1. Hey, can you tell me all the residues within the stretch 306-332 that are modelled with pLDDT of 50 or more and under 18 Å from the mean Cα position of the chain (by Cα)?
2. Pick out the one residue from V217, V242 that is of a type in the set (A, V, I, L, M, F, W, C), over 28 Å from Y171 (Cα atoms) and in a loop (DSSP other than H, G, I, E, B).
3. Determine the pairs where a residue that is closer than 18 Å to S41 by Cβ and assigned to a loop (DSSP other than H, G, I, E, B), located within the stretch 88-107, has a partner that is of a type outside the set (D, E, K, R) and at pLDDT 60 or above with Cβ atoms under 6 Å apart, the partner being 6 or more residues away or on another chain.
4. Would you check which residues across the stretch 334-353 are among the hydroxyl-bearing types (S, T, Y), at pLDDT below 85 and surrounded by 18 or more Cβ atoms within 10 Å (Cβ to Cβ) and list them?
5. Could you pull out the residue among V11, V3 that is in a loop (DSSP other than H, G, I, E, B), modelled with pLDDT of 50 or more and of a type in the set (A, V, I, L, M)?
6. What pairs can you find where one residue is in the stretch 164-185 and free of Cβ contacts under 8 Å to residues at least 40 places away in the same chain, the other is of a type in the set (F, W, Y), and their Cβ atoms are less than 6 Å apart, with a gap of 6+ or different chains?
7. Which numbered condition trips up A207, out of (1) out of contact with any Asp or Glu (no Cβ under 8 Å at 6 or more places or on another chain); (2) at pLDDT 90 or above; (3) within 21 Å of G285 (Cα to Cα)?
8. If you go through the stretch 392-404 one residue at a time, do you hit one that is farther than 30 Å from A297 by Cα and either at pLDDT 80 or above or in the same structural domain as A502 (by TED's automatic domain parsing) (or both)?
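The values are calculated or read from the model by the stated rules, or taken from the named source; none is laboratory data. Remember, predicted model here, so these are calculated numbers, not experimental data. Because the Cβ atoms are built from the backbone with ideal geometry, glycine has one as well, and the counts that use them run over all protein chains shown.
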Amino acid sequence: MSVPTFRPMTVPFKTVDPNGDLDIYARKSVARKGQRDTELSVGQQIEDGIRWAKWNGYTPRHVWVDHGISGSKDVKRPGYDAGLNALETGEIKCLWSYKLDRFSRRGALAVLTIMERLEGRRIFFGADNLDTSEPKDRRMIMWRAEDAKEFSDQLSDRVADSWRYSKDQGYWLAPRVPYGLKKTAKRKLIADNAPAIPGKLDGPTKADVIRRVITEVGDGATAPTVANRLTAESIPCPSGGVWSPQYVYRIIKNPAYIGLQPSSKWFGREDPIHRNAEGRRVSVGEALVSEAAQLRARKAVKGRTKLMGDATSPARRGVRSVPRHLLSGLLHCAGCGRKLVRRGMSYNCTHKTIGGRPCDAPASVMAKYAEEFVFAAFVNRMTTSAPDDALILAVASRWLATNRPDAVSERKGAVERVADAKAALQDLLDARYKRGEFAGPAAEYFPGLLAEAEENVRNAEKALGAMPEPTADISFLTEPESIIAAWADSTEEQRRGLLALALDGVCVRRKFGAGRTKVTAERFHYAWAGFTRVADLPKSA
């Protein structure tokens, strides 16, 4: 019984003679703008291959071509795979390639692995005049393969270094510019004030549309709602069609709209902002909206999204789920640590409501009592704490991070620069006096380096000293009357935000005794911001 021969699904670039005994493989990499094209064209490679075959007694069969595919990366090359498969299965006697670096730039090991599978068949590299069936050529093939890999690695490093430098300088490198922005001659981004509706000069600009999207999402509108509104108002999507929720999501996460350089593949990252080697964020141009506004919109979306499974789970999906209850996500069961969920009139341990892992003491509490106790504890704790209390300091810090994230980040960067300058100075001193690296003739360089390091510390400290420390006015949270007034004027979402400033969580214990029992304050244990959580709770009576 004959074993069926695997036939590649790749269609040959050209068929010269179906009954031939030699295939030609040609490849041309992606041409980069501004880079001189020194690679031999595919057509010339094919002509050379056909000419060589006829001179050496072969009949060309198929021509396989990979156009615009790298020979150094671990990517699928259909033409390369088809040519090798034909050689290994015995369909042809020889595979011809113009040059070794056209065949592969993955090093000697990759080429050696292929040669060991040939079993008498041959690959001939025309321009190199090297033949895998000749023992004397094998060593040279290994050397040339390593040379090709080294050149490819160096080229890749140069391109990466150039790209990284331009990115760190705040230049916009992507071929496409985000909607609402345009690129200047110096590759910086500024607002695009062109009409959002073509020909309507008195209508909104493209930059206005971006500001509107981020504001509306931050105010609670869902992405589908915003997309439908824009489409209904005849504002064309950047792609020319109708607006989609996915495009709205990209707008509220793109750092370019707050004037910062996006990181590579930013949309899939938790932190989409590019940082240079010193860990600092890089400006890419004009900000259309404040960082606080964009962060508010992102938090609004995140609050409506529940992730199923971990980051690698195939079951991971987004489900719009707007928290409808004041203490959703804040209450935890003291028996098992899981969050309490609202069912009917009560917050219950998930073991009690939806089953799952057993809980030794599943908690359940009437919602109206839980909300009254938590709010009362919040007011009492905030109004009786001293100005320098750890809780007040933590609340002020969280308020700043939520409402003025740009100021917090700027000062944090200045503090880090001081720490880096001091660390560099200490390392220089250690090199001189502990590790003895400036002994002998090198000692004459030490004073200059020391003076430079000390100057860097002074400049960093001076910049930090000149920067005003961001302050938060949270006086309305320290007086009972003002808290109650603010609470009455707030939405449910805003109330959850106020509680989150001071509370990391609330543990609820199972009720005491059986039957109807009064809800007491002893059943609630509060994890306040700024304090280490207490893991062990007193046992229920």
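1. Passing the criteria: none in range.
2. Unique residue meeting the criteria: V242.
3. Pairs found: Y98/Q45; Y98/G126; Y98/A127; K99/F125; K99/A127.
4. T350
5. Details: V3 fails: modelled with pLDDT of 50 or more.
From the options V11, V3, the qualifying one is V11.
6. If the second residue must be of a type in the set (F, W, Y), the pairs left are K183/W172.
7. (1)
8. Checking the stretch 392-404: not a single residue is farther than 30 Å from A297 by Cα and either at pLDDT 80 or above or in the same structural domain as A502 (by TED's automatic domain parsing) (or both).
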